1. Answer with yes or no whether G97 is crowded, with 22+ Cβ neighbours inside 10 Å, at pLDDT 95 or above, within 19 Å of E150 (Cβ to Cβ) and touching a strand residue (DSSP E or B) at 6+ places or on another chain (Cβ under 7 Å).
2. Can you confirm whether I59 is closer than 19 Å to I93 by Cα, outside any loop (DSSP other than H, G, I, E, B) and under 21 Å from the mean Cα position of the chain (by Cα)?
3. If you scan the range 121-132, which residues turn out to be at pLDDT below 95 and either of a type in the set (F, W, Y) or not in a helix (DSSP H, G or I) (or both)?
4. Within the range 139-150, identify whether any single residue is of a type in the set (V, I, T) and modelled with pLDDT of 95 or more, and answer yes or no.
5. Only one of these conditions is not met by I57: (1) touching a Cys at 6+ places or on another chain (Cβ under 7 Å); (2) under 17 Å from L268 (Cα atoms). Which number is it?
6. Among the residues of the range 76-130, write down those that are touching a Phe, Trp or Tyr at 6+ places or on another chain (Cβ under 9 Å) and acidic (D, E).
7. Go through the range 226-251 residue by residue and tally those that are surrounded by fewer than 17 Cβ atoms within 10 Å (Cβ to Cβ) and either touching a residue at least 24 places away in the same chain (Cβ under 8 Å) or among the hydroxyl-bearing types (S, T, Y) (or both).
8. Applying the selection to the range 65-79, what residues are surrounded by 17 or more Cβ atoms within 10 Å (Cβ to Cβ), touching a helix residue (DSSP H, G or I) at 6+ places or on another chain (Cβ under 7 Å) and at pLDDT 95 or above?
Amino acid sequence: MQDQFRRPINYLRISVTDRCNLRCIYCMPPEGVKSIKHEEILSIEEIIKAVKAGVRIGIKKIRLTGGEPLVRGGIIDLVGSLNNIPEIDDIAITTNGILLGEMVGTLKRAGLNRVNISLDTMKPERFKRITRGGNLDLVWKGINAALNAELEPVKINTVAIRGFNDDELVDLARLTLDHPLHIRFIELMPIGSSQAWARGKFIASSEVKEKIEGALGNLIAEKTIHGNGPALYTRLPGARGTIGFISAVSNHFCAGCNRLRLTSTGQLRPCLFNHREIELKQALRSGAGLEELTEIFRKAIVSKPVGHDLDKAWQEDDRVMSQIGG
């Protein structure tokens, strides 16, 4: 189905939990956030029913997010159930990688196709600082396990942060020379509790690209690799992997947006950076059939805005990114 701006909507990002085993500075406050009551979170069965409604209007691709999706009980069963829906042709997960090493084999057997792993620094002490206690060794274990499991492509999400990891951006890009990794540099977004912290730390994608080319040579435009995201991809000559740039702030990609988001508490969100939400959980729990649920998806698609409001700052008063699903 197309929205009112003729964008085909075929991709659903599902936040399966608000909980996370890290406390990243740009995502949540140091004390974390108050956990949502268990009964307010969609059950596995409710998520599957929602997806079955979504495929009736063209949803074919699913990404599971959080919080941290791998802390969600039943995540393996969820992947397996999604894989059994004939219309779904791609299942991916975005994870911080802490638990991935021990779970990747089971996830792949259940039907997982791809994985994105967050990695903002290759220095253990920096990693510990920005995640407020995380263990970088576990993330590398997860990355290597994903490569060994032949999940393809394995993408690394790096938020470029001035004064924190801007001295590592070239080293991260250099990883693509010898490893089949797809490093995506993401512009820091001033959202939620990170707004004050992020001030002065923004680096535009154009500056990141210039820094990489100054050290490693010209980047060659690359066709979009398998996936559903907004990155513009390049490659160093002879490299095994690619380098992508996600410019949500400096050069937004709204014109090509193909996604809806389902929050962990059961709201359909047509745009991440817009406060508008369409209630789905109430219908699910009142016994609505697939036709009624499908109409709610249609309503969400029709209400999708032409572009985000990020330039007007984060609009949430009571929720942070980990509770919505980025």
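The values are calculated or read from the model by the stated rules, or taken from the named source; none is laboratory data. Model, not experiment: these values are computed from the prediction. A quick note on method: Cβ atoms are made from the backbone with ideal geometry, for glycine too, and the neighbour counts reach across all protein chains shown.
1. Yes, satisfied.
2. The answer is no for I59.
3. If we filter the range 121-132 for residues that are at pLDDT below 95, which is where we start, we get 129-132.
Within the range 121-132, T131, R132 meet the criteria.
4. Scanning the range 139-150 turns up at least one residue that is of a type in the set (V, I, T) and modelled with pLDDT of 95 or more.
5. (1)
6. D90, D120 - these are the residues of the range 76-130 that are touching a Phe, Trp or Tyr at 6+ places or on another chain (Cβ under 9 Å) and acidic (D, E).
7. To start, the set of residues in the range 226-251 that are surrounded by fewer than 17 Cβ atoms within 10 Å (Cβ to Cβ) comprises 226, 237-238, 240, 250-251.
In the following step, the residues that additionally are either touching a residue at least 24 places away in the same chain (Cβ under 8 Å) or among the hydroxyl-bearing types (S, T, Y) (or both) were identified as 226, 238, 240, 250-251.
Qualifying residue count, the range 226-251: 5.
8. Across the range 65-79, the qualifying residues are P69, L70, I75, I76, L78, V79.
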